[in-house]
Each structure stands twice: as structure tokens, then as C-alpha cells.
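Remarks on the structure that follows.
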Amino acid sequence: MQIALFGATGGTGQQVLEQALAAGHSIKALARDPAKLSARDGLGVIQGDVLDQAATDSCVEGTDAVICVLGTTPGSEPVEAAGTERILAAMDKHGVKRLIAVSSMGVGDSIDQVNVAFRIIMNLTLKRIMQAKAEQERLIMASDTAWTIVRPGGLTDAPASGDYRAGLDKSIKAKRVSRADVADFVVKQLADDSYVRRAPAVS
């Protein structure tokens with residue numbers, strides 16, 4: 001498949017990029033700084049910002065699916081909701097229906113899957129980011145795309161283990177999970193419709 005990837009230079013985005021290419025997909029990635037993405041077969045990089053509608057349109061045009069791994073570092077202005085709004089507009093314009101977006105456990109109806117300590121952190125230091133993710137999810141769920149929202153637990157840079165739980169069962173609690181394992185689940189969704197218009201947790 002030809003994939004439009006947003007958030008390719010982030011930790012999880014880099015894992016999605018590597019694993020999608022390894023699985024035989026082609027990637028169009030939007031990046032403010034293309035130098036952060038080394039050239040390789042199957043990868044096309046478009047310089048630009050997800051908040052620039054024209055750049056986002058260019059990335060989505062001609063693709064079969066979109067993977068959104070937008071993230072915000074603490075202290076920066078959250079881009080998850082505003083960026084997703086532009087991605088959805090581009091998908092509508094170019095007739096692309098499949099969307100896989102990475103959010104977080106603790107958002108929406110997964111709030112009870114995170115422990116009290118993390119809820120305190122969410123309210124004290126991550127409040128604006130979590131609000132942006134909640135709005136991002138609202139926009140996606142209101143769209144007519146064939147969406148899947150992936151909600152991981154606490155992300156680490158550990159290597160892929162394949163030893164993770166994923167699904168809709170509310171007994172899945174937020175634990176530490178590697179970005180590589182999250183990417184494994186995300187890329188698998190390109191060939192799996194089990195979670196279309198659902199929000200599985202990964203932990």
C-alpha cells in the first residue's frame with residue numbers, strides 16, 4: 001500500500017516508518033525537517049507542516065491509507081487536534097478512507113484503564129496534550145473515515161518484543177510498552193479490519 005505518514009520523525013513514527021517499509025509498503029512522509037529522515041527505497045518525504053493544508057493535501061494525495069502519529073512535547077503547542085482536522089480535510093478531498101491514528105490510554109472511555117498516579121500526572125503536566133488528544137479522537141470518530149484509534153500505555157524505547165496485549169477488553173491496563181511494539185500493532189492494522197471504527201488499547 002501507499003501510506004501517508006504524519007509524525008514520522010517522532011519516536012513512534014520512526015518505528016512505524018521502519019516497520020511499514022519492511023512490510024513492503026511505500027511511504028509518503030510529511031516532515032518539517034526532511035533531514036531527520038534518511039533517504040531509502042520506498043520513502044518519499046514532503047517538506048512541510050501538518051498545519052499547512054496544502055502540504056497535508058500533497059502528502060495524502062494518491063495514497064491508500066493514512067497513519068497519524070502526531071505528538072507534542074511538553075511545553076509546546078499541541079498539534080494533535082488541529083493537525084488531525086487538516087488530515088481529515090485532505091482525506092475527504094482525495095477520497096482516502098482508511099485512517100489509523102495513535103492516541104493514548106487515558107483518553108475517552110479508556111480513563112479507567114490508567115492508574116491514579118498517571119491520572120494525577122495527566123491533570124498536572126499533560127492536561128493540554130490530553131485535551132488535544134481527546135479533541136483529536138472526537139474529530140476522528142465524527143468523520144466518515146474507516147478509522148482505528150490505537151491507544152498505547154506508557155511508551156518506552158525498548159526493542160520490539162511481540163509480548164504485548166491489544167484489544168477492546170477494559171481489563172487491559174496501562175503499562176509500559178515499547179514504541180516498536182506499538183508500531184507492530186499499527187502496521188498490522190493496514191491489513192486487518194477487525195478494529196475499524198474501534199479504539200483498541202495496546203499495553
Checklist outcome for this item: Of the residues in the range 48-88, those that are farther than 27 Å from ARG128 by Cα and open to solvent by 30 Å² or more (accessible area, probe 1.4 Å) number 4
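If I ask for residues that are under 19 Å from the mean Cα position of the chain (by Cα) and open to solvent by 30 Å² or more (accessible area, probe 1.4 Å), which ones from the range 18-32 would you list?
As a first pass, look at the range 18-32 and keep what is under 19 Å from the mean Cα position of the chain (by Cα): 18-23, 25-32.
If the condition is that a residue be under 19 Å from the mean Cα position of the chain (by Cα) and open to solvent by 30 Å² or more (accessible area, probe 1.4 Å), then GLU18, GLN19, LEU21, ALA22, ALA23, HIS25, SER26, LYS28, ARG32 are the ones that fit.
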Next on the checklist: Taking the condition of being farther than 19 Å from HIS25 by Cα, open to solvent by 60 Å² or more (accessible area, probe 1.4 Å) and either at pLDDT 95 or above or among the polar types (S, T, N, Q) (or both), how many residues in the range 89-111 meet it?
Outcome noted: 2
Next on the checklist: Considering only residues that are in a strand (DSSP E or B) and of a type in the set (Val, Ile, Thr), which ones fall in the range 147-172?
Outcome noted: THR148, ILE149, VAL150, THR156
Next on the checklist: For the structure I just gave you, tell me whether ASP33 is modelled with pLDDT of 95 or more and not aliphatic (A, V, I, L, M).
Outcome noted: no
Checklist entry - So how many residues does the range 24-38 have that are assigned to a loop (DSSP other than H, G, I, E, B) and either of a type in the set (A, V, I, L, M) or touching a Ser or Thr at 6+ places or on another chain (Cβ under 6 Å) (or both)? => result 1
Checklist entry - Is at least one residue of the range 56-63 hydrophobic (A, V, I, L, M, F, W, C) and closer than 18 Å to ARG138 by Cβ? => result no
Next on the checklist: Just to be sure I understand the filter: pairs with C-beta atoms under 8 Å, separated by 6 or more residues or on different chains, first member in the range 34-63 and closer than 18 Å to ALA82 by Cβ, second member part of a loop (DSSP other than H, G, I, E, B) and open to solvent by 40 Å² or more (accessible area, probe 1.4 Å). Which pairs pass?
Outcome noted: GLY48/ARG32; ASP49/ARG32; ALA55/ASP49
Next on the checklist: Just the residues that are without any contact (Cβ under 8 Å) to a residue 24 or more places away in the chain, small (Gly, Ala, Ser) and under 27 Å from ASP144 (Cβ atoms), please, taken from the range 162-203.
Outcome noted: ALA191, SER194
Checklist entry - If we keep just the residues of the range 126-157 that are modelled with pLDDT of 95 or more and aliphatic (A, V, I, L, M), which is nearest to ARG198 (Cα to Cα)? => result ILE149
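The values are calculated or read from the model by the stated rules, or taken from the named source; none is laboratory data. Because the structure is predicted, anything quoted here is derived from the model rather than measured. As a convention, Cβ positions derive from the backbone with ideal geometry for all residues, glycine included, and neighbour counts pool all protein chains shown. The area values use the complete protein model at the heavy-atom level, side chains included, leaving out ligands, DNA and RNA. Shrake-Rupley method; radii C 1.70, N 1.55, O 1.52, S 1.80 Å.
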